[in-house]
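The values are calculated or read from the model by the stated rules, or taken from the named source; none is laboratory data. Treat the numbers as computed from the prediction; the structure is a model and nothing was measured. Every residue, glycine among them, receives a Cβ derived from its backbone with ideal geometry; neighbour counts consider all protein chains shown. These accessible areas exclude ligands, DNA and RNA; they are computed on the full protein's heavy atoms, side chains included. Shrake-Rupley method; radii C 1.70, N 1.55, O 1.52, S 1.80 Å.
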Amino acid sequence: MAFCGKCGQQVNDGIKFCPACGAPIAAVTPTPAAPQQPAPAPQQQYQQPQPQPQPQPAANDTFSNLNNTADETAQFDPQDIEQHKGMSILAYFGPLVLIPILAARESPFASYHSNQGLLLCIASIIYGIAYSILSAVILAISWRLYFVMSIIGLLGFVFAVLAVIGIINAVNGQAKELPLIGKYRLLK
């Protein structure tokens, strides 16, 4: 008896092609260490692989990836977190950041979010000044280029998204850094 060199199927002597896989037969003797594998059924050999549906990322996954920053919540007292959530939320409403800076100075949790809110407020003011200067220069060049400023103006939504992330973190009692700007410290 001979064996197929490709699939290992046992074939009768004198057969030139393997009945299981169709490969030309080269007489191979089995080795004792290699176990023989049964030949696949002919209908399985010609089946097309079915495409597997890819799971679609949920909107919640996108947010969690965006908010995947350093979490320092364990450093704060849970009682302090509960007492100063409201002040922490105020920190993300632009100039209202001054309220928690002045009124909740003794709270480490409120100070943490005040720092985040102050960074966000300063970054949005710098963006506004740069946008105004750039728009004046582009308008001086040609009013037809003003559509470029409309496109650049859409970057202002980034500050709104960062503010929402900060508010959600404060409401949940978490001390997580804001993406992009949260690693900097202005307040102690």
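List of remarks:
- In this structure, Leu178 qualifies as open to solvent by less than 70 Å² (accessible area, probe 1.4 Å) and either closer than 12 Å to Gly117 by Cα or of a type outside the set (Val, Ile, Thr) (or both).
- In region 1-18, the qualifying residues are those that are hydrophobic (A, V, I, L, M, F, W, C) and part of a loop (DSSP other than H, G, I, E, B), and the one that is modelled with the lowest pLDDT is Met1.
- Among the residues of region 137-164, the ones that are among the β-branched types (Val, Ile, Thr), farther than 19 Å from Ile89 by Cα and open to solvent by 70 Å² or more (accessible area, probe 1.4 Å) come to 3 in all.
- Test result for Thr62, touching a Leu at 6+ places or on another chain (Cβ under 9 Å) and modelled with pLDDT under 90: no
- Any hit, region 121-136, residues being within 32 Å of the chain's Cα centre (by Cα), open to solvent by less than 40 Å² (accessible area, probe 1.4 Å) and closer than 19 Å to Leu187 by Cβ: yes
- Taken together, Gly156, Gly173 contain a single residue that is in contact with a Ser or Thr (Cβ under 8 Å, 6 or more places away or on another chain), touching a residue at least 12 places away in the same chain (Cβ under 8 Å) and outside any helix (DSSP H, G or I), which is Gly173.
- Of the residues making up region 95-120, those that are closer than 20 Å to Val161 by Cβ, open to solvent by 10 Å² or more (accessible area, probe 1.4 Å) and more than 27 Å from the chain's Cα centre (by Cα) are Pro95, Leu96.
- So Ala91, is it at pLDDT 90 or above, within 19 Å of Tyr184 (Cβ to Cβ) and touching a His at 6+ places or on another chain (Cβ under 8 Å): yes
- Among (1) farther than 22 Å from Ile181 by Cα; (2) under 32 Å from the mean Cα position of the chain (by Cα); (3) surrounded by 15 or more Cβ atoms within 10 Å (Cβ to Cβ) - the single one Gln83 does not satisfy: (3)
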